[in-house]
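Participant: The structure is given below, and queries will be raised subsequently.
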Amino acid sequence: MAKDLTVSLLLDCYGELLTERQRALSELYYNDDLSLMEIAELQGITRQGALDGISRARQQLYEFEKALGLLDLRRRVEKAARLADALSAHVPEAAQIRELLERKEA
């Protein structure tokens, strides 16, 4: 099974919605970069058991994203922030506007 780095981002968004076991297996595989065999040994399960748990968690994470769209929203906000930063270099009042916005957030 090839590692999909998007799953690591989905774990950040939705990891708490998985079962404790699914979350643990997925974090070991995607975030800690352990092999299926290493995970199986650590968890006291078979390699196939590790694969099945990770696969179910991955499927669940994509279903959460399809229903809720938090990762997509996060990516769009980050893109808008980068664009705003790039545009602010051309606006003389950009520093003053940013300062006002930061004060409102605090």
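None of the figures in this text is laboratory data; all of them are computed from the coordinates on show. A quick note: this is a predicted structure, and the numbers were derived from the prediction, not measured. Positions of Cβ are backbone-derived with ideal geometry, glycine not excepted, and every protein chain shown enters the neighbour counts.
Participant: Quick check on my filter: what residues within the range 22-56 are among the small types (Gly, Ala, Ser) and either closer than 15 Å to SER8 by Cβ or outside any loop (DSSP other than H, G, I, E, B) (or both)?
Facilitator: Within the range 22-56, ALA24, SER26, ALA40, GLY49, ALA50, GLY53, SER55 qualify.
Participant: Residue pairs, Cβ under 8 Å, 6 or more apart or interchain, first in the range 23-51 and in contact (Cβ under 8 Å) with a residue 60 or more places away in the chain, second surrounded by 15 or more Cβ atoms within 10 Å (Cβ to Cβ). List them.
Facilitator: none
Participant: For residues that are part of a helix (DSSP H, G or I) and among the β-branched types (Val, Ile, Thr), scanning just the range 57-106, find the one that is farthest from LEU10 (Cα to Cα).
Facilitator: That would be ILE97.
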